[in-house]
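Data block below; observations after.
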Amino acid sequence: MKRFALWETLSRRLGSKRARWPAIGLQPVGLWPRDIAALRPVLEKLSDRLAVNFELRDDAAEIVLLDADYAVSSAPQILHALKENRPSVLTTGFGDDERLLSVAQYFERCQQELLRQLKEIPLVRAQSARWSATGWDLEVLTDHNCPSVPDSDSDSDFTSAFDSELDADQLAAEPLDCAQKDFVQRVLYGLHHQNAQPLGASYDQFACMRFEFRARFVTIDPKAQQMLRVWRELPLVLPDAQPSPEANGYELNETIWHLGVACGRYALLNQPEDWWHTPLRSLGRRAAELERYTRQPRHLELGRLLIGSPITPSEMRRHVRIGIPDLRCFLQACLFLRLVCWSN
């Protein structure tokens, strides 16, 4: 009885606290009812983490919650009409990945992926009480420890003291294992050498891709495209891998861009020891070329900075006010495509 009474007390307190949080609606598009039901506990967890009530709504929602498979298979005009100029986040059905992950693992990865996307939306950043000058405080959930949204610039995680406040682990790279490194090296060799032989890679038998370097073309299964672009995972080299008849074709450079984004958490290509303060310079291409790969305003602004003169990642961070993980993804993609190089 005591445990039951304690649970009731905690539930009432949490409910009262949630009632004070701002509400943000998400409209599911392309998701099955079972997927929507499975996403509810994920959104509850994210609500607690960010002190924002995320609500699933059929209409009048500020954000579109878009199924990744639906997004990949739909025409851009249809997606544009559905979004109605609203921001969107991508997710996948819980039943689709049972071959790869347990339910608990999928729940955690889905939560982390939605969090990564939600924190890029200005509305979420402005409403959340879990915002600080150095990023998101995901562990501390008590009110007295939670940073508030900066009054001077609720749309940004920038402060003039950013470098001094930056935690070292935000600049540290995750380790790249031998199989992943082999895949990336083979793809980059094929990108820059016309004599490279075709390359097959796979996540599993239902998620394959094949690079035809001479034709500058990549054939990718929808599930593999989802794993690369949404989950930002790397496949393994599998010479005999053959995409299914449902596979789609993509221009090689476009796929390399998304590969670079997926590799943003690893060491940057040819990374100097003090890469944070080492200048980068453009290789003479116009910023407009970036629009082939990304339409994010901050990415285009970073491209314009690179054209002006050599500039360090630290300086780019101050000017554009972009998060460290996303800056790393942008730089890695540019380095992979040789749009920029280190000036050291």
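The values are calculated or read from the model by the stated rules, or taken from the named source; none is laboratory data. Everything numeric here is computed off the predicted structure, so don't read it as measured data. Every residue, glycine as well, gets a Cβ built from its backbone with ideal geometry; the counts of neighbours run over all protein chains shown. Note: areas computed on protein heavy atoms with side chains; ligands, DNA, RNA excluded. Shrake-Rupley method; radii C 1.70, N 1.55, O 1.52, S 1.80 Å.
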(request) Please give the length that would be gained between residue 248 and residue 116 if that part of the chain were fully extended, namely 0.36 nm times their separation in residues minus their C-alpha to C-alpha distance (nm, one decimal). (result) 44.9 nm
(message) Tell me whether segment 193-293 comes out rounded, prolate or oblate; compute the Cα gyration tensor, take square roots of the eigenvalues as a ≥ b ≥ c, and use a/c under 1.5 as the rounded threshold.
(response) prolate
(request) Among the trypsin sites (Lys or Arg not before Pro) in segment 34-78, which ones are in a DSSP loop with at most 12 other Cβ atoms within 10 Å of the Cβ? Mind listing them? (result) none
(request) Please calculate the 1.4 Å probe accessible area of residue 210, with all protein chains present, and give it to the nearest 10 Å². (result) 50
